[in-house]
Amino acid sequence: MSWQAYVDSSLVNSGHLDKAAIISAAGDSVWATSAGFTVQPAEMKNLAEIVSGSKAAVDKAYADGLHVGGERYVATKIEDRSVYARQGRTGVVVVKTKQAILIGHYGETHIAGNAAQTTEALADYLIKVGY
């Protein structure tokens, strides 16, 4: 399956996310993205630092929020491989695998928990198959 198919079929077409992207774990390249969902290079680098466990990046995300697709989100939970952030009734779920970072965006009509479960499940699958 192509990276674009994972974005389209596994994430967006799940009905729990409205936009998604897959970037490299280093945060230096976009592998696939939804139409109109552009994660800027600086945003990718910052997300990679956060999910890689940089204390400074995690502290900054909690203090100042983080940016994805040009929007600012408030970090609500940052764990080993995952970042959860909100902006009102919308939000993002960011999950790191061995080689990739999945970014799922959910809109006002979506349930945050379902968006998180969908993104985490794809990450678990990719880790299991070596990515």
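The values are calculated or read from the model by the stated rules, or taken from the named source; none is laboratory data. If you're wondering where the values come from, they're calculated on a predicted model, not measured in any experiment. Note: ideal-geometry Cβ built from the backbone for every residue, glycine included; neighbour counts use all protein chains shown.
Against the test of being of a type in the set (S, T, Y) and in contact (Cβ under 8 Å) with a residue 60 or more places away in the chain, the options T118, T90, T109 yield a single qualifying residue, T118.
Could you please let me know if Y131 is in a helix (DSSP H, G or I), more than 11 Å from the chain's Cα centre (by Cα) and modelled with pLDDT of 95 or more?
Working: in a helix (DSSP H, G or I): no; more than 11 Å from the chain's Cα centre (by Cα): yes; modelled with pLDDT of 95 or more: yes.
Criteria not met by Y131.
Residues that are surrounded by 15 or more Cβ atoms within 10 Å (Cβ to Cβ) and touching a strand residue (DSSP E or B) at 6+ places or on another chain (Cβ under 7 Å): list the strands (runs of 3 or more DSSP E) wholly contained in the stretch 1-74 that include at least 3 such residues. If you could, list the steps in order and put the result at the bottom.
Details: elements: 19-24, 30-33, 66-68.
Because the criterion is at least 3 residues that are surrounded by 15 or more Cβ atoms within 10 Å (Cβ to Cβ) and touching a strand residue (DSSP E or B) at 6+ places or on another chain (Cβ under 7 Å), the strands (runs of 3 or more DSSP E) in the stretch 1-74 that meet it are 19-24, 30-33.
For the stretch 1-29, how many residues meet the condition of being under 12 Å from the mean Cα position of the chain (by Cα) and not basic (K, R)?
Filtering the stretch 1-29 down to residues under 12 Å from the mean Cα position of the chain (by Cα) leaves 7, 11, 17, 19-25, 27.
The next check asks that each one be not basic (K, R); those that pass are 7, 11, 17, 20-25, 27.
Final tally of qualifying residues: 10.
Only a single criterion out of (1) of a type in the set (G, A, S); (2) surrounded by fewer than 20 Cβ atoms within 10 Å (Cβ to Cβ); (3) in contact with a helix residue (DSSP H, G or I) (Cβ under 6 Å, 6 or more places away or on another chain) is not satisfied by G104, namely (2).
Which condition from (1) farther than 17 Å from A112 by Cβ; (2) in contact with a Leu (Cβ under 6 Å, 6 or more places away or on another chain) is the one that A20 breaks? The one condition A20 does not meet is (1). Look at (1) β-branched (V, I, T); (2) out of contact with any Asp or Glu (no Cβ under 6 Å at 6 or more places or on another chain); (3) in contact (Cβ under 8 Å) with a residue 24 or more places away in the chain and you find that V30 fails only one, number (3).
Residues that are under 21 Å from V129 (Cα atoms) and not aliphatic (A, V, I, L, M) occur at least once in the stretch 81-93. Output yes when any residue across the stretch 57-67 is closer than 23 Å to S2 by Cβ and either out of contact with any Phe, Trp or Tyr (no Cβ under 8 Å at 6 or more places or on another chain) or modelled with pLDDT of 95 or more (or both), and no when none is. Checking the stretch 57-67: not a single residue is closer than 23 Å to S2 by Cβ and either out of contact with any Phe, Trp or Tyr (no Cβ under 8 Å at 6 or more places or on another chain) or modelled with pLDDT of 95 or more (or both).
Please state which one of S9, S52 is free of Cβ contacts under 8 Å to residues at least 12 places away in the same chain and within 26 Å of G130 (Cβ to Cβ).
Working: S52 fails: free of Cβ contacts under 8 Å to residues at least 12 places away in the same chain.
Result of the check over S9, S52: S9.
So that you can scan it fast, the table gives a plain yes or no per residue for (1) within 14 Å of the chain's Cα centre (by Cα); (2) among the polar types (S, T, N, Q); (3) over 24 Å from V129 (Cβ atoms):
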| position | (1), (2), (3) |
| --- | --- |
| L47 | yes, no, no |
| V58 | no, no, yes |
| R72 | yes, no, yes |
| A115 | yes, no, no |
| T118 | yes, yes, no |
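A quick yes/no check of all residues on (1) β-branched (V, I, T); (2) touching a strand residue (DSSP E or B) at 6+ places or on another chain (Cβ under 9 Å); (3) closer than 21 Å to N46 by Cα:
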site	(1), (2), (3)
Y84	no, yes, yes
I101	yes, yes, yes
E108	no, yes, no
N114	no, yes, no
T119	yes, yes, yes
L122	no, yes, no
